[in-house]
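One structure is given below, encoded as C-alpha cells.
The values are calculated or read from the model by the stated rules, or taken from the named source; none is laboratory data. Given the structure is predicted, the values throughout are model-derived calculations rather than measurements. Backbone-built Cβ (ideal geometry, glycine too); neighbour counts: all protein chains shown. These area figures cover heavy atoms from the full protein model, side chains too; ligands, DNA and RNA do not enter into them. Shrake-Rupley method; radii C 1.70, N 1.55, O 1.52, S 1.80 Å.
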Amino acid sequence: AQTVTQSQPEMSVQEAETVTLSCTYDTSESDYYLFWYKQPPSRQMILVIRQEAYKQQNATENRFSVNFQKAAKSFSLKISDSQLGDAAMYFCAYIHNNNDMRFGAGTRLTVKP
Amino acid sequence: DAGITQSPRYKITETGRQVTLMCHQTWSHSYMFWYRQDLGHGLRLIYYSAAADITDKGEVPDGYVVSRSKTENFPLTLESATRSQTSVYFCASRGTSGRASYEQYFGPGTRLTVT
C-alpha cells in the first residue's frame, strides 16, 4: 500500500522568512499526483498546490512552490515570505487511481511575528 | 454557490447508538468520499462512491455504512457507534474531467464524539 510520511510534526518560521516542509512517499507506480493541503483552525481543507508525477517541472503557486524529486520519492513544500495567515496544519497527499487518496500525518506550522 | 456541506457540524452520541452524518454537494460531481481525521493519522478514507448506487470500501470501512441514492447526497451511518469512532469526519467530492478530475473538494467537517 502506498504510504505518505511527513517527518516534521511541527515547524516554526519567522514572518517574512522561508520555510520548507518535508514529505516522502512510497509507491511502485510511475503515474500519480501529489498534493499539499492546508488546514487552518477552521478545519477547512484547502488545496495549496498539486504536482503531476509525469511533469519534471516543479509546480508553483505564488509564494508556494514544491521540490519534486521523483527518484527519491520526495515532495517538499517551500513557503516564501511567510505570513501570519500561513499558520496551519499542512498535509501532503498522494493519489494514483483517483479514488484512494493517502495523506501524511501532517505538519503544524507556526508563524512568529 | 453552496459547494459541499456537511451536517451536523458537531454531534455527541452514546455508545451503541446509530448516527448518520450527511453530506451534500451542488456541483454534480460524480465522485464522493468520506474520510476520518485522527491525531497522528492525517485523513483516512472510509468509503467512496463513483456514482449513484455505486460505492466501495476505503482504508478503514469497518463499522460504517454508506448509501448513495442521489448524486448530490452521500450519507455515512455508524450503525452502532463505538468510542473508537470519535473523530472528525470529512466529506469530499471531485469531478471526472479537467482540473477537477484530480482535486478533491472538502466539506467543513463534522466533529463526532461517542461517549
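For the range B:75-107, the tally of residues that are within 14 Å of chain A (Cβ to nearest Cβ) and either part of a strand (DSSP E or B) or within 11 Å of the chain's Cα centre (by Cα) (or both) stands at 11. Just one of (1) within 15 Å of B:Gln85 (Cβ to Cβ); (2) free of Cβ contacts under 8 Å to residues at least 24 places away in the same chain fails for B:Lys57. It is (1).
Restricted to the range A:1-11, and to residues there that are hydroxyl-bearing (Ser, Thr, Tyr) and farther than 15 Å from A:Leu109 by Cα, the residue that is surrounded by the fewest Cβ atoms within 10 Å (Cβ to Cβ) is A:Thr3.
The single condition among (1) open to solvent by less than 70 Å² (accessible area, probe 1.4 Å); (2) part of a strand (DSSP E or B) that A:Lys78 does not meet is (1). Against the numbered list (1) modelled with pLDDT of 95 or more; (2) surrounded by 14 or more Cβ atoms within 10 Å (Cβ to Cβ), B:Thr71 comes up short only at (1).
Residue count for the range A:65-111 satisfying the condition of being in contact with a helix residue (DSSP H, G or I) (Cβ under 9 Å, 6 or more places away or on another chain) and modelled with pLDDT of 95 or more: 3. Filtering the range A:12-27 to residues that are surrounded by fewer than 17 Cβ atoms within 10 Å (Cβ to Cβ) and in a strand (DSSP E or B) leaves A:Ser12, A:Gln14, A:Thr20, A:Asp26.
Yes or no: A:Asp26 within 12 Å of another protein chain (Cβ to nearest Cβ), more than 20 Å from A:Ala87 (Cβ to Cβ) and charged (D, E, K, R)? In short, no.
Sub-8 Å Cβ pairs linking a first residue in the range A:28-42 that is surrounded by fewer than 21 Cβ atoms within 10 Å (Cβ to Cβ) to a second residue that is polar (S, T, N, Q), at least 6 apart or interchain, are A:Glu29/A:Gln2; A:Tyr33/A:Gln51, ordered by first then second residue. Identify the residue in the range A:98-113 that is crowded, with 20+ Cβ neighbours inside 10 Å and at negative phi and, among all such residues, is nearest to the other protein chains (Cβ to nearest Cβ). So, considering only residues that are crowded, with 20+ Cβ neighbours inside 10 Å and at negative phi, the one nearest to the other protein chains (Cβ to nearest Cβ) is A:Phe103.
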